[in-house]
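Just below is one structure, and these are the notes that go with it.
The values are calculated or read from the model by the stated rules, or taken from the named source; none is laboratory data. It should be emphasised that the depicted structure is a prediction, and the values quoted were computed from it without experimental measurement. No Cβ is skipped: glycine too gets one built from the backbone with ideal geometry, and neighbour counts run over all protein chains shown.
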Amino acid sequence: MHITLNTKVLAPFGKIIVTAIAFSFLHIGSANAIALDSRSFEYGTDLKFEGYLSQPAVKSKNKKLPGLLVVHNWMGVTAETKKQSDRLAQLGYLVFAVDIYGKGVRPQNPKEAGELATQYKSNRKMFRDRLNSGLAALSSLPNVDTSKIVALGYCFGGTGVVELARSGADVKAVISFHGGLDGPKTDAGNSWKAKVLAFHGAIDPFVPEKDLLAFEDEMKRNKVDFQLFKFGNTVHSFTEESAGNDPTKGFAYSASSDKRSFEITKNFLAEIL
């Protein structure tokens with residue numbers, strides 16, 4: 001494993017409407033699991049979005065929780081998104097998974113997912129707007145501590161949270177899991193406030209070395225407090241069990257890298273929040 005270590009402003013999106021449209025009461029099956037209050041959430045005005053909210057079911061009176069904004073992979077808000085959100089909520093945080101694509105817009109296969117994701121990667125302003133809209137929805141929840149918000153993203157979402165940080169969003173930090181780390185060719189229009197933690201598979205064929213070097217240069221140039229972890233013998237999508245176990249495809253689940261990145265994340269969140 002290679003480690004590189006270096007030591008609100010939200011666009012106006014109008015009134016945000018948040019309504020619960022589904023409800024579940026979860027108890028994850030392990031000795032240390034806690035009951036979760038998890039549900040789908042609709043937000044937005046002219047454009048409707050369907051995110052996912054997960055938080056501890058037992059709440060202390062008048063206590064606000066640190067908030068985690070989760071950004072989904074290229075397939076949109078799926079069972080994978082909900083699983084990761086619940087996993088984080090088990091740590092005691094209020095977790096809100098943003099919907100970048102919009103309510104009812106769910107790709108049915110990798111081809112459709114690639115086409116959708118490319119629209120946002122090619123239009124970073126639109127990407128930032130959707131990300132900040134989700135952040136505004138999270139911040140509007142009455143039991144979230146808006147001074148303690150961190151954004152986490154997976155694959156497409158890993159690219160997204162770094163873009164959110166570039167936009168100057170008022171979050172404490174962003175965490176990217178196997179995300180594309182390429183960015184704009186100039187720093188124009190960027191305003192960094194957040195710390196950055198990024199996890200990368202050292203043999204991920206979808207994120208070329210030149211992008212990693214450019215990312216590190218960007219971090220140093222803007223004096224961002226960042227960490228970049230590279231996991232050996234690890235390819236793309238290493239946190240997703242549904243990615244299978246054949247690394248020759250360029251994407252595969254890695255139990256060791258998943259566990260290591262999650263443990264680092266837990267410690268980082270405890271430090272930041």
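Computed quantities for the displayed model
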quantity	calculated
Flag for GLU216 being out of contact with any Leu (no Cβ under 8 Å at 6 or more places or on another chain), part of a helix (DSSP H, G or I), under 21 Å from LYS172 (Cα atoms) and of a type in the set (Asp, Glu)	no
Single residue of the stretch 166-199 satisfying the filter (of a type in the set (Gly, Ala, Ser) and in a strand (DSSP E or B)) that is surrounded by the fewest Cβ atoms within 10 Å (Cβ to Cβ)	ALA173
Residue list for the stretch 213-249, restricted to those being hydrophobic (A, V, I, L, M, F, W, C), surrounded by 13 or more Cβ atoms within 10 Å (Cβ to Cβ) and out of contact with any strand residue (DSSP E or B) (no Cβ under 7 Å at 6 or more places or on another chain)	ALA214, PHE215
Some residue of the stretch 36-57 being touching a strand residue (DSSP E or B) at 6+ places or on another chain (Cβ under 9 Å), modelled with pLDDT of 50 or more and more than 22 Å from ASP99 (Cβ to Cβ)	yes
Filter pass, ALA243 being in contact with a Ser or Thr (Cβ under 9 Å, 6 or more places away or on another chain) and small (Gly, Ala, Ser)	yes
Sole exception among (1) more than 24 Å from LEU269 (Cβ to Cβ); (2) surrounded by fewer than 23 Cβ atoms within 10 Å (Cβ to Cβ) for ALA117, by number	(2)
Pairs, first under 19 Å from SER139 (Cβ atoms) in the stretch 34-49, second surrounded by fewer than 17 Cβ atoms within 10 Å (Cβ to Cβ) and at pLDDT 95 or above, C-beta under 7 Å, six or more apart	GLU42/LYS48; LEU47/GLY102; LYS48/GLY102; PHE49/GLY102
Search result, residues across the stretch 155-188 that are out of contact with any strand residue (DSSP E or B) (no Cβ under 7 Å at 6 or more places or on another chain) and basic (Lys, Arg)	ARG166, LYS185
Lone qualifier among GLY92, GLY76 - being crowded, with 18+ Cβ neighbours inside 10 Å and out of contact with any Gly (no Cβ under 8 Å at 6 or more places or on another chain)	GLY76
Pair list, Cβ under 8 Å, 6 or more apart: the stretch 52-64 residue surrounded by 10 or more Cβ atoms within 10 Å (Cβ to Cβ) and among the hydrophobic types (A, V, I, L, M, F, W, C), other residue assigned to a loop (DSSP other than H, G, I, E, B) and modelled with pLDDT of 95 or more	LEU53/LEU141
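Residue-wise test of (1) more than 13 Å from LEU228 (Cβ to Cβ); (2) modelled with pLDDT of 95 or more; (3) out of contact with any helix residue (DSSP H, G or I) (no Cβ under 8 Å at 6 or more places or on another chain); (4) of a type in the set (D, E, K, R).
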{"residue": "GLY160", "(1), (2), (3), (4)": "yes, yes, no, no"}
{"residue": "LEU164", "(1), (2), (3), (4)": "yes, yes, no, no"}
{"residue": "HIS178", "(1), (2), (3), (4)": "no, yes, no, no"}
{"residue": "THR186", "(1), (2), (3), (4)": "yes, no, yes, no"}
{"residue": "TRP192", "(1), (2), (3), (4)": "yes, no, no, no"}
{"residue": "GLY201", "(1), (2), (3), (4)": "no, yes, no, no"}
{"residue": "PRO208", "(1), (2), (3), (4)": "yes, no, yes, no"}
